[in-house]
Amino acid sequence: MKAVVLAAGKGERLRPLTDDRPKVVLKVANRPVIEYVLENLDPFVDEFILIVRYKKEKVIETLGDEFNGKPITYVDQLPGEGTAKAIESAREHVGDEEFIVANGDIYFEVEGIKDLLSVFRREGADAAVLVKHFDDLRQFGRVEVEGALVRGITEKPEAGGGYANLGLYIFNPGIFEFIGKTSLSSRGEYEITDTLNLMLKAGKKVVYALYSSYWNDIGRPWNLLELNEYLLKSKLRHEIRGTVEEGATLVPPVEVGEGTVVRSGSYIIGPVKIGRNSLIGPNCLIRPYTSIGNNCHVGNAVEVKNSIIMDHSNAPHLNYVGDSIIGENTNLGAGTITANLRHDRGNVRVEIKGRLEDSGRHKLGAIIGHGVKVGINVSIYPGRKIGSGSFIGPGVVVDRNVPPKTLVVLRQEKVVKGMGGG
């Protein structure tokens, strides 16, 4: 069996983290998101077919030509938008056997695939959909069911609870006939849910499996923090492969990668994951649910909590990084502070594609892109974004989002007078 993994999207809602890369290669708990997807598919398949388009070279560079010894075939998505068009792109590669389809940016546990495959084969179905019950389906597709069968799918209903489509499917090759008949939706996309509705009208058998484990559709920056917390809480083992100096305190579980040095006075409260060849301390505090990548520096008098710091980035001295995401190759100047709590203690709102969205989080700090340089004594308001390649000058208060490749400096007036005297 083959797995078709959809990895062509731009991830615009995740900007600035996707300014120069697709969202499937963003690292959570120090691993690219797509690796978790392939890892959970791995027990059931003998080949991966990745549908790519936006910055596809980043995906190829990240994964190479195999995963766990199984080949990866990269296929450019056909012209057009939507999941149905993405799946159609794999037509020549799946052959005449059933195949799994998974979104490369959705986290699910291996049990979901196992249960979906079981019901698909037991019922002799033409298609199978993984579903989960939610009290509010406004961000999902509602799956109407009767017994073991799917009776219809409605995209993003206005209100109410029910079964949501989780974006994991199994199809037999007959799906391609119906994709060819699928029309553009009102959103200007070829939707696989419309394809499934066409199959149902034609009398094809579509079944579902009910999923109850953890699931995360990584569409917005705070979803990365949610997944990071889940992975560190549920998967991390206490393992020290680097050097921990005498006088440092590690409260398990803490993973320290090869070549990393944790200097005296560092206090690390797990779960915390630190990558390879990083320098931690001296005299810093790293609090739970933090992942620090490879070749990073978290230095003297720095506090980090519930954050993601990606590879080659530094918070070297006198910094506070709370509930924040720091992209690759980014440096915070001395005294840089990320505020993570509104004065009114309301949920932090973030601008997503030109609209303010409620993150649902009481605490949320900065979302900083890649290759950003931040000067000394910079303060960043909760939920603010700094675009990749930008420079923030000393003393700036970042109270609004900063576009990519932007210089922000403080215009300072000075009064200089002689003091007189003999």
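The simple Förster model, with R0 at 35 Å and r as the Cβ-Cβ distance, assigns ARG342 and SER213 a FRET efficiency of 0.60. Looking at the chain, the DSSP beta bridges with both ends there are about 30 percent antiparallel. Selection among VAL59, ALA164, LEU332 by position relative to the dipole of the chain gives LEU332 as farthest towards the positive end (Cβ unit charges, Cα centre). The stretch between LYS417 and ARG121, if pulled fully straight at 0.36 nm per residue, gains 98.0 nm over its current Cα-Cα span. As a fraction of the 1.4 Å probe accessible area of the chain, surface on carbon and sulfur atoms comes out at 46 percent.
Short-range pairs are left out: with C-alpha atoms under 8 Å and at least six residues apart, the relative contact order of the chain is 11 percent. Straight-line cross-link partners of LYS181 among the lysines, defined as a Cα under 16 Å from its Cα and at least 8 positions apart when in the same chain: LYS85, LYS201, LYS204.
For LYS363, what charge total do you get from the other residues with a beta carbon under 10 Å from its beta carbon, if Lys and Arg give +1 and Asp and Glu give -1?
+3
Within the listed set ILE308, ILE269, ILE286, the residue fluctuating most in the Gaussian network model of the chain (springs between alpha-carbon atoms under 10 angstrom) is ILE269. HIS370 contributes about 10 Å² of solvent-accessible surface, heavy atoms of the protein only, 1.4 Å probe. Seen from GLU328, the other residues with C-beta closer than 10 Å to its C-beta sum to a net charge of 0, counting Lys and Arg as +1 and Asp and Glu as -1. Candidate cross-link partners of LYS363 among the lysines, defined by an alpha-carbon separation under 19 Å and a same-chain spacing of 8 or more, comprise LYS233, LYS305, LYS385.
Per residue, the range 349-407 exposes 47 Å² of accessible surface when a 1.4 Å probe is rolled over the protein heavy atoms with every protein chain present. Annotation: amide H-H contacts under 5 Å for GLU239 (H modelled 1.01 Å from N, sequence separation of 5 or more, or interchain): VAL254, GLU255, VAL256.
Distance check, please: which entries in LYS27/LYS114; LYS27/LYS58; LYS27/LYS235 exceed 18 angstrom between their Cα atoms?
Among LYS27/LYS114; LYS27/LYS58; LYS27/LYS235, the Cα-Cα distance tops 18 Å for LYS27/LYS114.
Tell me the net charge near ASN340. Cut-off is 10 Å between Cβ atoms, ASN340 excluded, with +1 for each Lys or Arg and -1 for each Asp or Glu. Neighbourhood net charge equals +3.
For the chain, the longest principal axis of the C-alpha atoms and the axis of helix 221-235 are separated by about 80°.
For the range 359-422, the residue among GLY395, LEU364, LEU407 whose Cα projects farthest onto the positive side of the dipole built from Cβ charges is LEU364. Placing pseudo-labels 7 Å out from each Cα toward the beta carbon at GLU245 and GLU39 gives an inter-label distance of 3.2 nm. Over the range 175-334, what is the relative contact order in whole percent, taking alpha-carbon pairs under 8 Å and six or more residues apart? Taking the mean separation of contacting Cα pairs over the length of the range 175-334, I get 12 percent. Cα-based radius of gyration for the range 342-422, normalised by 2.2 N^0.38 Å, reads 1.46. Calculated from the structure at hand, Rg and Dmax of the Cα atoms in Å is found among (i) 21.4, 63; (ii) 23.8, 102; (iii) 29.9, 99 as (ii). Averaged over its residues, the range 78-174 has an accessible area of 43 Å² per residue, based on protein heavy atoms and a 1.4 Å probe. What distance in nm lies between label points placed 7 Å from Cα along the C-beta direction at SER186 and ARG400? Each label point is offset 7 Å from its Cα along the Cβ direction, giving 3.4 nm. Helix 192-201 and the longest principal axis of the C-alpha atoms of the chain enclose an angle of approximately 20°.
For THR406, the solvent-accessible surface computed with a 1.4 Å probe is close to 40 Å², ligands and nucleic acids excluded.
From largest accessible area down, sort GLU61, GLU144; use a 1.4 Å probe on the protein chains. Show your work: numbers first, answer last.
Values: GLU61 145, GLU144 85 Å².
These residues rank, largest area first, as GLU61, GLU144.
Report the residues of the range 285-301 in range of a label on GLU258: point 7 Å along Cα→C-beta, backbone N strictly under 18 Å from it. Of the residues in the range 285-301, 293-296 have backbone N under 18 Å from the label point off GLU258. Accessible area of ARG142 (1.4 Å probe, protein heavy atoms only, ligands and nucleic acids ignored): about 40 Å². Comparing VAL321, VAL408, VAL24 in a Gaussian network model of the chain (Cα springs below 10 Å), the most mobile by mean-square fluctuation is VAL408.
The values are calculated or read from the model by the stated rules, or taken from the named source; none is laboratory data. Every value quoted in this text rests on a predicted model; they were computed, and no experiment measured them. Don't worry about glycine lacking a Cβ; one is built from the backbone with ideal geometry, like all the others, and counts go over all protein chains shown. Remember, those area values only see protein heavy atoms, side chains included, never the ligands or the DNA or RNA. Shrake-Rupley method; radii C 1.70, N 1.55, O 1.52, S 1.80 Å.
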